[in-house]
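The structure appears below as structure tokens.
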Amino acid sequence: MKHRGVIFDLGGVVLGSPMHAIAEYETEVGIPSGRVNRHIVERGREGAWARLERGELEMEEFCDAFDVEFAEAGHAMSARSMMERMGQATVPRPAMIEAIARIRAAGLRAAALTNNWRGPGDGTSVLKPHFDVFVESAVLGLRKPDPRIYEHVLGELELAAEEAVFLDDIGRNLKPARQMGMHTIKVDHPDDALAELAEVLGFVLGDPA
Ligand SMILES: [Mg+2]
């Protein structure tokens, strides 16, 4: 299959990983490791986090709601402090920015597909000029892994699923894309992910280190 477009998650892919910032916060305030992520998954689509990412809660409302949810689960936490840390952690990765430029120079289209939020701590807006298509959960009111958001980005790119490659650092976000027919790449270390992407696309994405 000749691929004609690449779809990038932002946090933990094009930007530094918010997971590390969350882990640091957990350690600092004595919340069990991984508790925040488990909480987000357990609360599901009606939880405060999902509502933030669909643009249904403003940041202030989210912080209050998340603190209450956590108190119900038996832990004190300040979502404000955690979100501030995440904002500081999510800086662009130069090798990813370079790869995106090369993908577009080769005539392929590049899209961002991010579960984000409105307001402070969302470091995604500076990245807009690097992409042909920019899909944000908080603007659309849909978030990964809802299959409709993948259909939306393919529509914007004017591509069939089989013509697209999708990179994300969260496995459950890759699953629907893979089921639709996209080639998916799980991003753990960015250099490994870019090497895999270069092999799939068949051209070089950066200078040798
Ligand atoms: Mg991510």
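What follows draws every value from the coordinates through simple rules; no lab data is involved. In this text the structure is predicted, and so the values were computed from the model without any measurement. Note that each Cβ is placed from the backbone with ideal geometry, even for glycine, and that neighbours are counted across all protein chains shown.
Restricted to region 84-100, and to residues there that are part of a helix (DSSP H, G or I) and among the hydrophobic types (A, V, I, L, M, F, W, C), the residue that is surrounded by the fewest Cβ atoms within 10 Å (Cβ to Cβ) is Ile97. I'm trying to understand the selection: among the residues of region 1-40, which are away from the ligand (no atom under 11 Å from the Cβ) and of a type in the set (D, E, K, R)? Correct list: Lys2, Arg4, Glu24, Glu26, Glu28, Arg35, Arg38.
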